[in-house]
Every structure is written in C-alpha cells, then in structure tokens.
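What follows is a short report on a single structure.
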Amino acid sequence: MHGDQDKPVELRTARLLLRPFELSDVDDVRAYASDPEVARFRPLPDPYTRQDALDFVIRQMRTDWSRCAEFAITFGPRAIGGLSLQLNPEHETAELGYLLGRRWWGQGLATEAARAVVDWGFRHFRLHKVYARAHVDNTRSWRVMERLGMTREGVLRGHWKMRDEHVDLVYYAVFRDEWTLRADSCADPAAKKAQDGHV
Ligand SMILES: CC(C)(COP(=O)(O)OP(=O)(O)OC[C@H]1O[C@@H](n2cnc3c(N)ncnc32)[C@H](O)[C@@H]1OP(=O)(O)O)[C@@H](O)C(=O)NCCC(=O)NCCS
C-alpha cells in the first residue's frame, strides 16, 4: 500500500468525475450538508455553517491517501457529495463511506461512484475485503451496498452513539475474489470505462 498509490487520483465514471476536494467546493458542500435529511443518519454539525464546510474541505484536502482516500463526487461543475475509502493496511481491508446531496438521490449516482472507488481500491491496494456500515434504518445506504454486490454479514448492536442514542449498524462486505468474479460477469459499462490517473 505504498509508493505512487499514496497519491490522490481522479476517477471517471459514465456520469461523474471523482476527484480530491478543492477550496472551490465549500459552497456546494455547505448546500448539501446543511440539509437535515442528509444529516439524518450522519453526525453532522447542526446548524451546518459555511465555516463547517470550509473546515471539512480543508480536512479532506489534507488527508493522507495512504490511509484514507477522500473523493469529491462531481456532476458537471458541481460537487454533489463525497466518498471515502479508509484503509486498514494491517488487515488488508478498507471501509467505504458515501454521502450525496438530496437532489441527486434516486438516480444511481451513489452506486455508480462507489462502484468505481471499490474497483479502484481492489486494483490499487492489496485489499482482501471492502466493507461498509450504516444505521439499520438507513435503507437507502444499505441498498447501495447490496447494489454493489456486498453481503450483509450481520448487525452490530448499539455500536454507534448518535444524538444520545446507541444505535444498531448493519455491516456489509465484499471479498476481492467476489468482486473480480462479479466485475467479469456483470461487466458494468460505467465501471469498465472508468479511467484513473494521478493528479
Ligand atoms: C446513502 C445515499 C448516498 C443513497 O443515495 P441513493 O440515491 O438512494 O442511491 P443510488 O445513487 O445508488 O440510487 C439508487 C436509486 O436510484 C435508482 N436508479 C435510477 N437509475 C439507476 C441506475 N442507473 N443504477 C442504479 N440505481 C438507479 C434506483 O432504483 C434507486 O431508487 P430508489 O431509491 O427509488 O430505490 C443517500 O441517501 C445519502 O447520501 N444519504 C445521506 C448520507 C448517508 O446516510 N450516507 C450513508 C451513511 S452510512
């Protein structure tokens, strides 16, 4: 998990460009992250101010990509969400996380972005397994995991404290060989066309 692989990259899908966050994304981030529906299952500041958005973008820009890849999801000129792949090199695993502005829900964009990042993760790092977790009631989120071909491995009881409540998380994962097999048999055109390059 070292060398050139530690540098930020850009990934293209059929409809999206996934790239590192930039300072010019601050207003877009504020616009989507200040929506209470988006924050329903995420511990985001409330109210979500422009300073919160600026702090977030600066944190993403400073990320060490050998530990955590942080992509802005961009659609045309706008940043519409974010996607992260947090690496656990000692276990050869990585955790996937994603968030999309509400007006872009229901179009398959989160799945399209996540598929490209998981594919990139398996190809560029010696990963054995990619996993994701979500609040058990966050159906939209775990449906993305299912569309990616992940398997529900179980429920982590009372695993997160959110707004003074201990909540259950569903846990999904996919192994490298399952991913490769699926990619070969389903041959998603968007994933196939995904290009990546160092920036
Ligand atoms: C989780 C989240 C990213 C899911 O977004 P989403 O739009 O539901 O997911 P997708 O982009 O995969 O879109 C799937 C929907 O698009 C539809 N769709 C349309 N075209 C599609 C396509 N080409 N491919 C796949 N789905 C498509 C699907 O049928 C599905 O619709 P449905 O919701 O009516 O069943 C979004 O709800 C979100 O950002 N929530 C707030 C943050 C959050 O909770 N993040 C997860 C924390 S663990």
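Restricted to segment 23-60, and to residues that are free of Cβ contacts under 8 Å to residues at least 24 places away in the same chain and among the small types (Gly, Ala, Ser), which residue is nearest to the ligand (Cβ to nearest atom)?
ALA39
Restricting attention to segment 115-141, and to residues there that are of a type in the set (S, T, N, Q) and in contact with a Phe, Trp or Tyr (Cβ under 8 Å, 6 or more places away or on another chain), which single residue is surrounded by the most Cβ atoms within 10 Å (Cβ to Cβ)?
The qualifying residue surrounded by the most Cβ atoms within 10 Å (Cβ to Cβ) is SER141.
Could you look through segment 108-139, keep only residues that are within 11 Å of the ligand (Cβ to nearest atom) and in contact (Cβ under 8 Å) with a residue 60 or more places away in the chain, and pick out the one that is nearest to GLU92 (Cα to Cα)?
That would be ARG115.
Within segment 27-40, which residues are crowded, with 18+ Cβ neighbours inside 10 Å, in contact with a strand residue (DSSP E or B) (Cβ under 9 Å, 6 or more places away or on another chain) and of a type outside the set (Gly, Ala, Ser)?
Listed by number, the residues that qualify are ASP28, VAL29, TYR32, VAL38.
Output the residue which, of all residues in segment 86-104 that are exposed (fewer than 15 other Cβ atoms within 10 Å of the Cβ) and closer than 19 Å to ASP27 by Cα, is nearest to the ligand (Cβ to nearest atom).
ARG102
Give segment 83-107 a look and list any residue that's small (Gly, Ala, Ser) and without any contact (Cβ under 8 Å) to a residue 24 or more places away in the chain, or say none. Explain how you work it out, then say what you get.
Of all residues in segment 83-107, those small (Gly, Ala, Ser) come to 84, 94, 97, 101, 106.
Of everything in segment 83-107, those that are small (Gly, Ala, Ser) and without any contact (Cβ under 8 Å) to a residue 24 or more places away in the chain turn out to be SER84, GLY106.
So which residues in segment 73-85 are surrounded by fewer than 16 Cβ atoms within 10 Å (Cβ to Cβ) and either touching a Cys at 6+ places or on another chain (Cβ under 9 Å) or at positive phi (or both), if there are any at all?
Passing the criteria: only GLY76.
Working only within segment 150-164, note down all residues that are farther than 29 Å from PRO45 by Cβ and either in a strand (DSSP E or B) or over 19 Å from the mean Cα position of the chain (by Cα) (or both). Working first, answer last.
In the first step, residues of segment 150-164 are kept if they are farther than 29 Å from PRO45 by Cβ; the result is 150-154.
Residues satisfying the conditions are THR151, ARG152, GLU153, GLY154.
Here are some residues: VAL144, VAL167. Which one is within 14 Å of the ligand (Cβ to nearest atom), surrounded by 12 or more Cβ atoms within 10 Å (Cβ to Cβ) and more than 17 Å from the chain's Cα centre (by Cα)?
VAL167
On the given criteria, is PHE71 closer than 22 Å to ALA134 by Cα, part of a loop (DSSP other than H, G, I, E, B), under 16 Å from the mean Cα position of the chain (by Cα) and of a type in the set (Phe, Trp, Tyr)?
no
If ILE80 satisfies all but one of (1) under 17 Å from the mean Cα position of the chain (by Cα); (2) not in a strand (DSSP E or B), what's the number of the condition it fails?
It fails just one condition, (2).
Could you tell me whether segment 16-35 includes any residue that is out of contact with any His (no Cβ under 8 Å at 6 or more places or on another chain), assigned to a loop (DSSP other than H, G, I, E, B) and among the small types (Gly, Ala, Ser)?
Yes - at least one qualifying residue is present in segment 16-35.
Values in this text are rule-based calculations from the coordinates and carry no lab data. This one's a predicted model, so the numbers in the text were calculated from it and none came from an experiment. Virtual Cβ from ideal backbone geometry, glycine too; neighbours counted across all protein chains shown.
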